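The values are calculated or read from the model by the stated rules, or taken from the named source; none is laboratory data. On a predicted model such as this, the values are computed, not experimentally measured, just so you know. Using ideal geometry, Cβ is built from the backbone for each residue, glycine included, and neighbour counts are taken over all protein chains shown.
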Amino acid sequence: MTDTLRIYSGRNRPDLKPIYAMYEELTGRAVEMIHIPSEDVYDRIIAEKNDPQVDLLVTNTQVMPELVRPEGVFEPYRASVAVDYDPWLRAEDFSWLSFTVWPRTAMINWRVLGQDGSRWPTRIEDFLSPELRDATLCSSAGETMMTSYFAALRVTRGDEWVEKLVDGLLANGMRIYRSNIDCRNALVREGYAATLANGSNTHAFFLEGHPVGEAWLDQGEGEVGTLIEAHTVAVLKGARNPEAARDFIDFLLSREIQEFLARLYGETPVNSAARVDWLRPTSSIRRIPATLDQIAPLVASTETMLRAKGFDVGAVTEENRRFISVGRTGRRDDREPGGKAA
């Protein structure tokens, strides 16, 4: 047995380098992390099904691991912490496990909307208001969380309602940027009021020293709720070092590491023993009443619909990856918030 833990990671930002380094120092076991873009990593593990090249998959969504689970590429692992999960936090057979979660919220630019919350949106329909005309933005359909959010809304509100919403957002001047990180950079650089975001993005951006707040959407009685997605981990079936893979999962789900990820990146713990007072616990969040079994089959058609309507910024290649992010105005977005080249 090799004493190296090999990982494919579809999670790019924020990376888990501090966690890998801590695990190496604790165990004396080397960690080799190979980053593969999330849109490519699933095809890779299917292609290598009969000869897995890594032990573990770390990624940034529940939807995609669930879609490839029937391929038989994962080895179920009933981690002790995961046994107590709510069912939506894991695969039915424990093939993949969530290790932190992140709700869909709105990131607010304090310079535009202030800090007291009275002018902040509280529903997704508020992004249609005249007050927010030409003042909002969101990521393209290339971001899985964006597509999954609208797919979940299709489940509970229906196709007609969702398509009308999407048309209204674009008609009200919502700008589309390639990724979540491009959105948050543009929010403060270009003076937008709000962007749809993942809760952890807002916390991380705030901790970098940017004047932004977090607005919760559709949390009132009778409102639709929001989508909660997760970072996930899975042992590869046929892995060369499955014992190390399972040991790392236990480490990742431990109370101390869960609290560490919350402090460092604003990611909500899934270990009920973790104590994080500044993040809203999942039990108090009104979730869109749609199960993963309902959402996953709609992801592909939702992405097609969004791209057709304008939630697309063109094909991304290695050559143009730095420069592809543009709004509907066609402005190239290749700069960090303060104007520094990316």
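Looking only at segment 207-230, decide whether some residue is surrounded by fewer than 16 Cβ atoms within 10 Å (Cβ to Cβ) and in a helix (DSSP H, G or I). Yes, there is a match, as at least one residue in segment 207-230 is surrounded by fewer than 16 Cβ atoms within 10 Å (Cβ to Cβ) and in a helix (DSSP H, G or I). Listed conditions (1) modelled with pLDDT under 95; (2) more than 17 Å from residue 270 (Cβ to Cβ); (3) not polar (S, T, N, Q) are all met by residue 102, apart from (2).
Every residue, every condition in (1) surrounded by 16 or more Cβ atoms within 10 Å (Cβ to Cβ); (2) modelled with pLDDT under 85; (3) within 30 Å of residue 225 (Cα to Cα), yes or no:
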site	(1), (2), (3)
288	yes, no, yes
299	yes, no, yes
304	no, no, yes
320	no, yes, no
332	no, yes, no
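May I ask you to verify whether residue 89 is closer than 30 Å to residue 290 by Cβ, among the aliphatic types (A, V, I, L, M) and touching a strand residue (DSSP E or B) at 6+ places or on another chain (Cβ under 9 Å)? Give the derivation first.
Numbers: closer than 30 Å to residue 290 by Cβ: yes; among the aliphatic types (A, V, I, L, M): yes; touching a strand residue (DSSP E or B) at 6+ places or on another chain (Cβ under 9 Å): yes.
Taking the combined requirement at face value, the residue satisfies it.
Annotation: of all residues in segment 133-168 being farther than 12 Å from residue 306 by Cβ and charged (D, E, K, R), the one that is surrounded by the most Cβ atoms within 10 Å (Cβ to Cβ) is 157. For segment 244-257, the criterion of a residue being at pLDDT 95 or above, touching an Asp or Glu at 6+ places or on another chain (Cβ under 8 Å), over 22 Å from residue 144 (Cα atoms) and surrounded by 17 or more Cβ atoms within 10 Å (Cβ to Cβ) is satisfied by at least one position.
Residue by residue, here is whether (1) under 20 Å from the mean Cα position of the chain (by Cα); (2) at pLDDT 95 or above; (3) within 25 Å of residue 303 (Cβ to Cβ) holds:
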{"site": "39", "(1), (2), (3)": "yes, no, yes"}
{"site": "49", "(1), (2), (3)": "no, yes, yes"}
{"site": "58", "(1), (2), (3)": "yes, yes, yes"}
{"site": "61", "(1), (2), (3)": "yes, no, yes"}
{"site": "64", "(1), (2), (3)": "yes, no, yes"}
{"site": "95", "(1), (2), (3)": "yes, yes, yes"}
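Residues of segment 61-70 include none that is of a type outside the set (Phe, Trp, Tyr) and in contact with a Lys or Arg (Cβ under 8 Å, 6 or more places away or on another chain).
Do any helices (runs of 4 or more DSSP H) lying entirely in segment 141-199 carry at least 3 residues that are under 28 Å from residue 211 (Cβ atoms), and which ones are they? Per the criteria, 144-157, 180-189. Could you go through segment 38-50 and let me know if any residue there is assigned to a loop (DSSP other than H, G, I, E, B) and within 23 Å of residue 265 (Cα to Cα). No, the conditions are met nowhere in segment 38-50.
Out of 112, 81, one residue alone is farther than 20 Å from residue 214 by Cβ, modelled with pLDDT of 95 or more and β-branched (Val, Ile, Thr). It is 81.
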